[in-house]
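The next block holds one structure in the form of structure tokens; read it before the comments.
The values are calculated or read from the model by the stated rules, or taken from the named source; none is laboratory data. Just so you know, these numbers come straight off a predicted model, no measurement behind them. Cβ atoms come from the backbone with ideal geometry, glycine included; neighbour counts cover every protein chain shown.
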Amino acid sequence: MSEIIRKIIHIDMDAFYASVEQRDNPELRGKPVAVGGSRQRGVVAAASYEARKYGVRSAMPSITALKKCPQLIFVKARFDVYTEVSSQIRAIFAEYTDLIEPLSLDEAYLDVTENKMGLEFAMDVAEEIRKKIKDNTNLTASAGISYNKFLAKIASDFNKPNGSHVVTPKMAGKFIEKLPIEKFFGVGKVTAKKMHQKGIFNGNNLKQHSLITLNRWFGKSGKYYYNVARGIDNRLVNPNRIRKSLAAERTYDFDITDKKALIEHVKYIAEILIKRVENSGGAGKSLTLKIKYADFQQITRSKTLTESLNNQQIKSIGLDLLDIIPNIEKGIRLIGLQTANFEQENKDIFLGQLEFDFD
């Protein structure tokens, strides 16, 4: 019996938070918009495509963003609205398949190998979904279509915004060989730099190295790199992932040494984590703050309560843990918060994506 070739779609909304704000406020359309932060302080949660042209990115301090784009317009995040729109989008997905694995409010994997509409080609499913999203929400989405998650996720970024891209099994080999290593999901800036030092600049270069060599160079991530260089990713689309913990983290393009700036970043990450906990229908009893210094040394500090953490405690304990982080002057490049001892009550939800690289 031949192995089933799966049909996987990765749907990614285009500049989701900022696009919702531009949709709801006509005065913002066509202008550079930052969701979150202000002209005086804070951190950018999301940026419109108009703002991205100036180099404005999520997790960037507002002051830095303003220097890059003096005409930048800051708007307050409305997570309740974004969650409501996500529910509309999820309902559209469910018209085609029950195999939906949400990654965040604005992206998800769909397995449409056997879709409810009986459509033969996954591309047709993706185009119908993108059209319905536009018709129902007046927002655009991009789609990647392939036979596994790795390729579908990469493909969804190829024709952004408001586009789609297909990678068939026959196309996969050449597609991966030409793919810059920086485009590989799971390869962060530090790993990319290390790969460059090893003469690895694209998928073809990566494919030349044995599993033993990649394990020696990159530890437990070596097997992942070995497989995806060959188009192998056997992870199934899992609609019922049970989380024992939830987390949010950010890796920065700059080293943070200012305590006030760190406080703002921790507050921002706490807000993301709070929203993910609310969406999950459960709560954790412990909170861990993770810090990675500029020299890549990593430390964590944790606190556990006898009862589940409420929203205010996630914020306040996060800041308390920051107070006991030593050597801030070394510079900090990553901040993360995780709540654990997590009891799941509702599996049918949009769970927040852990933002990570393998560095």
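Some observations on this one:
- Scan segment 280-294 for residues that are closer than 22 Å to E307 by Cβ, surrounded by 20 or more Cβ atoms within 10 Å (Cβ to Cβ) and either out of contact with any Phe, Trp or Tyr (no Cβ under 9 Å at 6 or more places or on another chain) or polar (S, T, N, Q) (or both) and the total you get is 4.
- In segment 320-359, the qualifying residues are those that are among the charged types (D, E, K, R) and at pLDDT below 50, and the one that is nearest to A294 (Cα to Cα) is D359.
- Contacts under 6 angstrom Cβ, first residue in segment 166-188 being free of Cβ contacts under 8 Å to residues at least 40 places away in the same chain, partner among the hydroxyl-bearing types (S, T, Y), 6 or more apart: V167/S146
- If you go through segment 191-205 and keep only what is under 20 Å from D295 (Cα atoms) and of a type in the set (V, I, T), you end up with just T191.
- Every residue from segment 98-110 that is within 17 Å of R6 (Cβ to Cβ) and touching a Pro at 6+ places or on another chain (Cβ under 9 Å): D98, L99, I100, E101, A108, Y109
- Pairs linking a residue in segment 58-86 that is closer than 18 Å to R39 by Cα and aromatic (F, W, Y) to a residue that is modelled with pLDDT under 90 and exposed (fewer than 15 other Cβ atoms within 10 Å of the Cβ), with Cβ atoms under 9 Å and 6 or more positions apart or on different chains, are F74/S38; F74/R39.
- Counting only strands (runs of 3 or more DSSP E) wholly contained in segment 1-83, the ones carrying 3 or more residues that are buried (at least 21 other Cβ atoms within 10 Å of the Cβ) and among the β-branched types (V, I, T) occupy 8-13.
- Of all residues assigned to segment 160-168, none qualifies as being among the hydroxyl-bearing types (S, T, Y), closer than 30 Å to G37 by Cβ and modelled with pLDDT of 95 or more.
- Selection of helices (runs of 4 or more DSSP H) fully inside segment 98-192 by the criterion of at least 3 residues being closer than 26 Å to R250 by Cβ returns 149-155.
- Residue list for segment 109-125, restricted to those being modelled with pLDDT of 95 or more and either surrounded by 19 or more Cβ atoms within 10 Å (Cβ to Cβ) or in contact with a strand residue (DSSP E or B) (Cβ under 7 Å, 6 or more places away or on another chain) (or both): Y109, L110, D111, V112, A122, M123, V125
- Against the criterion of being in the same structural domain as E3 (by TED's automatic domain parsing), modelled with pLDDT of 95 or more and surrounded by 15 or more Cβ atoms within 10 Å (Cβ to Cβ), L139 qualifies.
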